1. Mind checking the dipole of the chain: about its Cα centre, +1 per Lys or Arg Cβ, -1 per Asp or Glu Cβ, Debye to the nearest 20?
2. So if I restrict to the alpha-carbon atoms in segment 27-112, what is the Rg, and what is Dmax, the biggest pairwise distance, in Å?
3. What number, rounded to the nearest 500 deg cm²/dmol, is the helix-based mean residue ellipticity at 222 nm of the chain, given -39500 (n - 2.57) per DSSP H run of at least four residues and division by all its residues?
4. Can you give me the angle between helix 2-16 and the longest principal axis of the chain, using Cα atoms only, in degrees from 0 to 90, rounded to the nearest 10?
5. Using the heavy atoms of the protein chains alone and a 1.4 angstrom probe, what is the accessible area of the chain per residue in square angstrom?
6. Roughly how many Å² of E40 are accessible to a 1.4 Å probe, to the nearest 10?
7. Give me the percent of accessible area attributable to carbon and sulfur for the chain, probe 1.4 angstrom.
8. Given 20 °C and 1.002 mPa s, compute D for the chain with the Stokes-Einstein relation, Rh being the Kirkwood radius over Cα pairs; round to the nearest whole µm²/s.
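The values are calculated or read from the model by the stated rules, or taken from the named source; none is laboratory data. What you are looking at is a predicted structure, and each value in this text was computed from that prediction instead of being measured. Glycine gets a Cβ as well: all are built from the backbone with ideal geometry, and neighbour counts include every protein chain shown. Protein only, heavy atoms only, side chains kept; ligands, DNA and RNA dropped before computing areas. Shrake-Rupley method; radii C 1.70, N 1.55, O 1.52, S 1.80 Å.
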Amino acid sequence: MKKNLGVVLIFVTIVIKSQVAIGKTNVTNTSVSLEFANTENKGMIVPYVESTASSTENGTIIYDVTDHKMKYLKQGSWFDLSIDTTGQANIAIQQSKTELTTAKTMIGTNTSDPANGILVLSDTNKAMILPKVASPHLNIISPAPGMMVYDTVKKQLVVYNGTVWSFWKP
């Protein structure tokens, strides 16, 4: 009986994970696939890449270590999110590692999505809410290159290139 209950719980957990909250107990918006708590001064760090050639999925966001810039892919072209050209990052820790190309986490109900990425939000009717931080340039003490947050004071997307924060407003 205990064994069957464990199998049922694992199955239910896998099936129900169409929404994920990080740093809090639940997602507060039904239109969200991934939501972060806004109670801490922490951001989300995007993947570091040494070559953009293998990233072909529109909407991909990366930290390009060749020019130390945050970028996103739109209609097959890379767009700079960093603005500033003085970025820096130490990638020595990852250079000795072998990439596991099958490593992937998918959040959402569209599990047939073939998108190639480390973290794939597969729902077509939900979005991700970035970590919310008031004045991240003042309140995140040791930001990592490739960090991304939403500034609740300036109401802007903010990215860190390893040297400076860039503030984006549509």
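1. Taking the Cα centre of the chain as origin, the dipole is about 580 debye.
2. 15.3, 41
3. Per the formula, -3500 deg cm²/dmol.
4. 40 degrees
5. For the chain, the solvent-accessible area averages 64 Å² per residue.
6. Roll a 1.4 Å probe over it and E40 shows about 80 Å².
7. C and S fraction of accessible area: 56 percent.
8. 122 µm²/s
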